[in-house]
Amino acid sequence: MAAVILIAVAAMLVALQGGSGRAEVTGASDTEPVPVPAGGGPHADGGTHSDADGAVPEGGDIGTVTEVDREFLVAVRQAGLWEIPAGRLAQTNASSEAVKRAGLHLMDGHAELDQLVREDAQLLGVEIPNEATAEQRRWVEQLREAEGAEFDKLFANVLRASHGKIFATIGKVRGATQNDLIRRHARQANQTVLDHLEVLEDTGLVDAATFEEVERAVSG
Ligand SMILES: [Fe+2]
C-alpha cells in the first residue's frame, strides 16, 4: 500500500515538473476543445504514453473504471465544451473587468483540463462526447444574447452554480475511486474548479439564491 502511494506521489511530482506551461492566465489562449474520434480509445496499455502530463502512475491500478469514474470524465469533458465558449463570450459581452478575468481563467483552466481528459479517457478506454449537454448549450446561447450588466450577472450566477455542483461531485469521485489515473484527474480538476469558484465569487455578483440552489443540489 505504502509503495503504491509513493509511486503515485512520484508520478504526480513528475507531472507537476513537466513543461506543460500550466497556470499562467495570459488571455492569449484560444484553444478550442479538440474533437475526439468516435468509439473511444484503446484500453490502457500503460506503456506508450510518455509525456509528463500524461504519465501513468507506474504499477498503479488503472484497470478498474467504475461508472462513477466514467461519468466524471464525461462531466469534465463537457465542462470544457461550454465553459471555454462562455469564457470567450465574457471577453466581448461583459462590462465587469472581474467577469472578463473570470472568463480568462475558465478558458485557460479548461484548455489544460480538456487536454488531460482526452488523454486519460483514451488511456482508460472511456468514450467522451464532443458536445456539451443540452442545458449547457442553452446557457451558452443565453450568454451570447446578453451583454453589459445583464451578461455579468448571468455569467457569474450560472457558472457559480455549475461549479458548486461539480465541486461536490469531485469530492465523491476522489473519495471512492480505486483508479490511480482518476485520482490524479480528480486532483487536477479540483484545483481548476476551486480556482473558478474563487474568480466567480470575486465578481461580487453571485446571488444568495445561487448558493441556495447549490446547497439543495448537493444535499439531495
Ligand atoms: Fe470551470
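The values are calculated or read from the model by the stated rules, or taken from the named source; none is laboratory data. None of the values given here were measured: they were computed from a predicted structure. Backbone-built Cβ (ideal geometry, glycine too); neighbour counts: all protein chains shown.
A few notes on this one:
- Residues of the range 72-105 classified as among the small types (Gly, Ala, Ser), away from the ligand (no atom under 14 Å from the Cβ) and surrounded by 22 or more Cβ atoms within 10 Å (Cβ to Cβ), total: 1
The rows are residues; the columns are (1) more than 20 Å from residue 71 (Cα to Cα); (2) in contact with a Leu (Cβ under 6 Å, 6 or more places away or on another chain); (3) not assigned by TED's automatic domain parsing to the domain that holds residue 184.
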position: 94; (1), (2), (3): yes, no, no
position: 102; (1), (2), (3): yes, yes, no
position: 114; (1), (2), (3): no, no, no
position: 125; (1), (2), (3): no, no, no
position: 129; (1), (2), (3): no, no, no
position: 141; (1), (2), (3): yes, no, no
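- All positions within the range 125-136 that are surrounded by 15 or more Cβ atoms within 10 Å (Cβ to Cβ) and farther than 28 Å from residue 62 by Cβ: 136
- Options 118, 137: the member that is assigned to a helix (DSSP H, G or I), touching an Asp or Glu at 6+ places or on another chain (Cβ under 9 Å) and within 14 Å of residue 81 (Cβ to Cβ): 137
- Index of the failed condition, residue 129 passing every other in (1) modelled with pLDDT of 95 or more; (2) in a helix (DSSP H, G or I): (2)
- Test: residue in the range 209-218 that is closer than 15 Å to residue 73 by Cβ and touching a Lys or Arg at 6+ places or on another chain (Cβ under 9 Å): no
- In this structure, residue 61 does not qualify as crowded, with 19+ Cβ neighbours inside 10 Å and charged (D, E, K, R).
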